[in-house]
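Below: the structure, in structure tokens.
The values are calculated or read from the model by the stated rules, or taken from the named source; none is laboratory data. Since the model is a prediction, treat every value here as computed from it, not as a measurement. Cβ: placed from backbone, ideal geometry, glycine included. Neighbour counts: every protein chain shown. Surface accessibility is based on the protein's heavy atoms, side chains included, excluding ligands, DNA and RNA. Shrake-Rupley method; radii C 1.70, N 1.55, O 1.52, S 1.80 Å.
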Amino acid sequence: MSIARASRLDFNRKTLLGQVGALPWGLILLFVAMAMIGVATLHSATFTNPGEADLPMKQAVRFGIALVVLLIAGLVPIKWYLTLAWPIYFGTLALLVGVELFGTVGGGAQRWLQIGPIGVQPSEFMKVAATLALAAYYHKRWNDYSGGFLLHVPALAIIIIPAALVFRQPDFGTTLALFASGGMLIFLAGLWWRVIMAIGVAAVASIPAIYFFVLQDYQRERVDTYLAQLTGQSVNVMDDGYQIEQAKIAIGSGGWTGKGYMEGTQSQLDYIPEQHTDFILTVLAEEFGFLVTSGVLVLWMVILGLSLAIAMRASSLFARFAAAGAVATVAFYILFNVAMVLGLLPVVGVPLPLLSYGGTVMLTTAACFGLVCSAHLGRNEPLTSS
Amino acid sequence: MNGNRPIDALFSRRALIAAAAGGTLFGGLIARLFQLQIMEHERFSVAAADNGVRLDLAPPKRGRILDRFGRPLAAHRQAGRVSIVREQAEDLPRLMNVLSDHIEMSPERQARLINEARRQASFQPVIVASELSYEDFARLSVLAPQMPGLQVEMASTRSYPRGRDFAHVMGYVAKASERDLERLSDGSTAQERSAIRRLFKHPDMRTGRSGVERFAEEWLRGEAGFRKLETNAAGRIIKEFDDPALAPKQGKDLYLTVDSDLQRFAIDRFESESGAAVVMDIESGDILAFVSTPAFDPNDFVNGISSKDYALLRDDTEYSPLYHKAYDGTYPPGSTYKMVVASAALDAGIINPEERVFCPGHYRFGNNTWHCWKRGGHGSVNMHWAIKGSCDVYFYEIAKRMGVEHLAEYSKKFGFGQRWELGIMGGRSGVVPNDAWKRAARGEPWYEGETLNVGIGQGQVSTSPLQLAVMTARIAAEGKIITPRIIGEGPRPDADIPLDEPLDADLMRRMKAGMYGVTSEAGGTALRSGDLGLGGPRLAGKTGTAQVRRISRAERASGILKGDNIDRRLRDHALFVAYAPHDDPKYAISVIVEHGEGGSRTAAPIARDIVAEAMLLDARRTPVYTRTANVGGSSSGNGGL
């Protein structure tokens, strides 16, 4: 309670306007630019289908909301996140258990929790919540262990518990996202290299076991399809293989400069399922070509790089870890999605932030960058009094 | 402070390593992009250019719907179709102009089609007309080679060879609307959702809108496939490959338990009356005829019915052709309910069947007078005489003695007040009234006087013709549980009937004796309809009249208005329930003639003729689907996409 009151005073001292001015506006403008590219691409991907004509407009409205979320999340003092990290984490964990018990099944998986009129997807909150919890944990405990091995065991638990719940839903993409961004934070906290090596070896060794015992049939099928197309075998054109093959044709036929806005025959032909959601990159690649598509990837690298620099400049461990975790979460989405669309990874439903149609990932991304902005504003606060 | 702790330097070092790793991964992706887009560009652009093999979605053929003897009720018909393809047309308006010489089209329609073609992707065909006559099809086929952009082809459409005979049972198929798409993709993953959307947007694809077509959608749908086509640069199809692995799979056939000849006979027998009839096989519960007349023609709906024609069907509130009277219609059962009331009274032990009640033609209770249909009264009657003479006073008396709660509870054992799930959509439960029901529905307590009305099947009690047929079958089978069904082979609905227990056989035999008396003994109300005309077996049944309006005291004094003296809509409904043969029951039937006035005069002869026809046709004989394979043997589950 006292912390919250002190923070509020703090907040008032530096005027709100001053805070707004101090936000990392360069980063935010690049963020907006990326979202604009997303809406334009979506327009091209959907305009032939009368039933989907309103999707770009919906996406633009969602982006407007997401931007407000980003700014508000950015202006919240970093101290508050530290105070609230554990309540948020355990609250979200409780919601995940709620999904397990009372969740509604949507899209073949049990992910949604109905609270009154609102449907919430707690697994999505968990990405941010786990980052906050890990950051708070390392902030408080790192010095107790001075980087010893035991330091990381509770950290692992912070990830594994929600990851197991999410995996049961089943939501493979989010499970991976939790491990990827959590693993990144454990790495940044200085897990010994020899442990990292050991984990790497164990992970490779356990792949067959995971394949045969953990994956569900449909997931196994996707992996098979993926391996088949990687090695150049002919794949069953009716299923995922068809999707990957058509995606590759769309991308490959784009060339240097693409076929022109709304001219992509593959995209306009409706050959590619999910082309306005997970496979949006195919539209970009076919219609705008290599130069623009790789430009978009470079733009993402710049955005992520700037954010990571903010993380490194912060003085408190909490701000550093929180911002770095946010970067890792978004980076995972992008890397995984692009690799999947380019046929390098199996098809797992991971969207491309700011480009794919959908509100959930948009909000998660906005929250992540809001956290980065907050770390930026609070970069000189040591946060030791707590 | 910053930088003093070992973690700070460590964090920065590790962050730089992570950034380098991330940068490498991004670099790798850009390299892969370069490989696909630049190095392999040639290969992929050839694949993408239309000069290559293209896979076009091919919708599956819907499974057929057949009657119990394998006669098709829903099948396929080839129909000629003409469409335009913008990409190939040199001059779209001119093409439309030429087309309008052959097909009747208003200028507005022409403009709309051109507009549609321009809005769509250039290679997607726009259908101009889909039900070409043979002459038109031949003429346009000759024209097509000289007119680029004109596409004339045969396509398969759903057809209902029996027309309106099974309109309500079967429902119809139509192009999927946005609402249908929502429903069809409910509970699917995003990926399945887009596949469903693509499939149902195909011009040849239809979905069940009502009836069994809708209920059994997945069973009937089949699996989509692809047409493997070689096309040239302009998108014109050069040749089609035959690839059985890609071919769509036809949906599974579905068998109904009905006999389509019996159905036809029953509908004809109603002539111009509106009404419903249900014929059931007492042994199996198979519904052999499920008539609701008049009906609509489902063929009119397959390619979209015009709003004018639809309005004609919808606005006919007197004969209501869209309404499934046999299943969705609920009417007061009138005197056909008397077997239920009598057996409930015996079950309650409030009367001895030999006890006599005196009927002077009216019954006084409180300050009111209830009337018997027979103005002069029946005199002194026991239960048997009360049933066959349909004495209202007797039933007022026993209903009052047992009270409405026991009557309601016992009624439910016959299947009243609950909906039978048949797997054809629709169906109503009707009302078995009691105090709790009235408080919930009307917010008022039950008045004892209302019990008297329910005792003769009038007032709040309402039942569907299907429920009456099930009641009759259960009486005829001396209390055995009989569950009606109409899907012989197909997705079986879950019949979840809360109150389903056998009835007392002794009581039911007594009711049967009463029903035999109605058609075959002196004093019976339907003596004229007892003889089936088959030289032996007789019909046992019960007449009924469902009141449509209240009769005022003044009208009763001056003579109740009937026939031509009163507007058709105000005339009572005529009911008849029966089973046959009387000594070895095989068939149960219920008939309602809307506004037919007297059960014995209009409904009973129809019921008698339908049952006689069923026996002549031997409608119960073994259906084909049980001969070929055991039910449930066609296992492969629901056809997805």
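Against the criterion of being part of a helix (DSSP H, G or I) and of a type in the set (A, V, I, L, M), B:Ala574 does not qualify. Is the stretch B:519-526 home to any residue that is open to solvent by 50 Å² or more (accessible area, probe 1.4 Å) and assigned by TED's automatic domain parsing to the domain that holds B:Glu421? Among the residues of the stretch B:519-526, at least one is open to solvent by 50 Å² or more (accessible area, probe 1.4 Å) and assigned by TED's automatic domain parsing to the domain that holds B:Glu421, which makes the answer yes. Candidates in the stretch B:71-92 are the residues that are open to solvent by 30 Å² or more (accessible area, probe 1.4 Å) and in contact with a helix residue (DSSP H, G or I) (Cβ under 6 Å, 6 or more places away or on another chain); of these, the one that is farthest from B:Leu254 (Cα to Cα) is B:Arg86. Would you be able to say whether some residue in the stretch B:302-315 is free of Cβ contacts under 8 Å to residues at least 40 places away in the same chain, among the β-branched types (Val, Ile, Thr) and open to solvent by 50 Å² or more (accessible area, probe 1.4 Å)? Within the stretch B:302-315, not a single residue is free of Cβ contacts under 8 Å to residues at least 40 places away in the same chain, among the β-branched types (Val, Ile, Thr) and open to solvent by 50 Å² or more (accessible area, probe 1.4 Å). The set of residues in the stretch B:371-408 that are closer than 20 Å to B:Lys542 by Cβ, touching a Phe, Trp or Tyr at 6+ places or on another chain (Cβ under 7 Å) and surrounded by fewer than 22 Cβ atoms within 10 Å (Cβ to Cβ) contains only B:Val381.
Going by the structure shown, is A:Thr329 open to solvent by 10 Å² or more (accessible area, probe 1.4 Å), of a type in the set (Val, Ile, Thr) and assigned to a helix (DSSP H, G or I)? Judged against the criteria, A:Thr329 is not a match. Just checking, does the stretch A:347-358 include any residue being in contact (Cβ under 8 Å) with a residue 60 or more places away in the chain, among the aliphatic types (A, V, I, L, M) and not in a loop (DSSP other than H, G, I, E, B)? The answer is no, given that none of the residues of the stretch A:347-358 is in contact (Cβ under 8 Å) with a residue 60 or more places away in the chain, among the aliphatic types (A, V, I, L, M) and not in a loop (DSSP other than H, G, I, E, B). Of B:Lys308, B:Lys374, all but one fail to be part of a loop (DSSP other than H, G, I, E, B), out of contact with any helix residue (DSSP H, G or I) (no Cβ under 7 Å at 6 or more places or on another chain) and either basic (Lys, Arg) or not assigned by TED's automatic domain parsing to the domain that holds B:Ala604 (or both); the exception is B:Lys374.
For the stretch B:552-580, the set of residues classified as among the basic types (Lys, Arg) and either within 22 Å of B:Val591 (Cα to Cα) or open to solvent by less than 80 Å² (accessible area, probe 1.4 Å) (or both) consists of B:Arg556, B:Lys562, B:Arg568, B:Arg569, B:Arg571, listed by residue number. For the stretch A:176-191, state whether one or more residues are touching a Phe, Trp or Tyr at 6+ places or on another chain (Cβ under 8 Å), of a type in the set (S, T, N, Q), within 12 Å of chain B (Cβ to nearest Cβ) and under 25 Å from A:Leu345 (Cα atoms). Scanning the stretch A:176-191, I find at least one residue that is touching a Phe, Trp or Tyr at 6+ places or on another chain (Cβ under 8 Å), of a type in the set (S, T, N, Q), within 12 Å of chain B (Cβ to nearest Cβ) and under 25 Å from A:Leu345 (Cα atoms), so the answer is yes.
Within the stretch B:165-204, being basic (Lys, Arg) and in contact (Cβ under 8 Å) with a residue 60 or more places away in the chain holds for B:Lys175, B:Arg198.
When the stretch B:181-192 is limited to residues that are surrounded by fewer than 17 Cβ atoms within 10 Å (Cβ to Cβ) and assigned to a loop (DSSP other than H, G, I, E, B), the one that is modelled with the highest pLDDT turns out to be B:Asp186.
In the stretch B:127-183, what count of residues is obtained for those that are within 14 Å of another protein chain (Cβ to nearest Cβ) and within 30 Å of B:Ser260 (Cα to Cα)?
3
Considering only residues that are open to solvent by 10 Å² or more (accessible area, probe 1.4 Å) and of a type in the set (Ser, Thr, Tyr), look in the stretch A:341-363 and name the one that is farthest from the chain's Cα centre (by Cα). In this case the residue turns out to be A:Tyr357. Is it true that A:Ser316 is touching a residue at least 60 places away in the same chain (Cβ under 8 Å), facing chain B (nearest Cβ under 10 Å) and open to solvent by less than 20 Å² (accessible area, probe 1.4 Å)? Yes: the conditions hold for A:Ser316. If a residue must be open to solvent by less than 50 Å² (accessible area, probe 1.4 Å) and more than 14 Å from every other protein chain (Cβ to nearest Cβ), how many such residues does the stretch A:192-202 contain? Result for the stretch A:192-202: 0.
Do you know which residues across the stretch A:126-158 are β-branched (Val, Ile, Thr) and surrounded by fewer than 21 Cβ atoms within 10 Å (Cβ to Cβ)? The one that is β-branched (Val, Ile, Thr) and surrounded by fewer than 21 Cβ atoms within 10 Å (Cβ to Cβ): A:Val153. Only a single item in (1) open to solvent by less than 50 Å² (accessible area, probe 1.4 Å); (2) in a strand (DSSP E or B); (3) more than 25 Å from B:Ile305 (Cβ to Cβ) is not met by B:Gln151, and it is number (1).
Conditions (1) among the β-branched types (Val, Ile, Thr); (2) at pLDDT 85 or above; (3) not in a loop (DSSP other than H, G, I, E, B), marked per residue:
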| residue | (1), (2), (3) |
| --- | --- |
| A:Gln229 | no, no, yes |
| A:Val235 | yes, no, no |
| A:Ile249 | yes, no, yes |
| A:Gln266 | no, no, yes |
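Between A:Phe332, A:Phe318, A:Phe279, the distinction of being out of contact with any His (no Cβ under 6 Å at 6 or more places or on another chain) and modelled with pLDDT of 90 or more belongs to A:Phe332 only.
Only helices (runs of 4 or more DSSP H) whose full extent lies in the stretch B:193-297 are considered here, and the ones with at least 2 residues that are away from chain A (no Cβ under 12 Å) and surrounded by fewer than 21 Cβ atoms within 10 Å (Cβ to Cβ) are B:260-269. Here B:Tyr579 passes the criteria (1) modelled with pLDDT of 85 or more; (2) within 22 Å of B:Pro332 (Cβ to Cβ); (3) out of contact with any Pro (no Cβ under 7 Å at 6 or more places or on another chain) except the one numbered (3).
Look at (1) in contact (Cβ under 8 Å) with a residue 40 or more places away in the chain; (2) assigned to a helix (DSSP H, G or I); (3) surrounded by 18 or more Cβ atoms within 10 Å (Cβ to Cβ) and you find that A:Thr175 fails only one, number (1).
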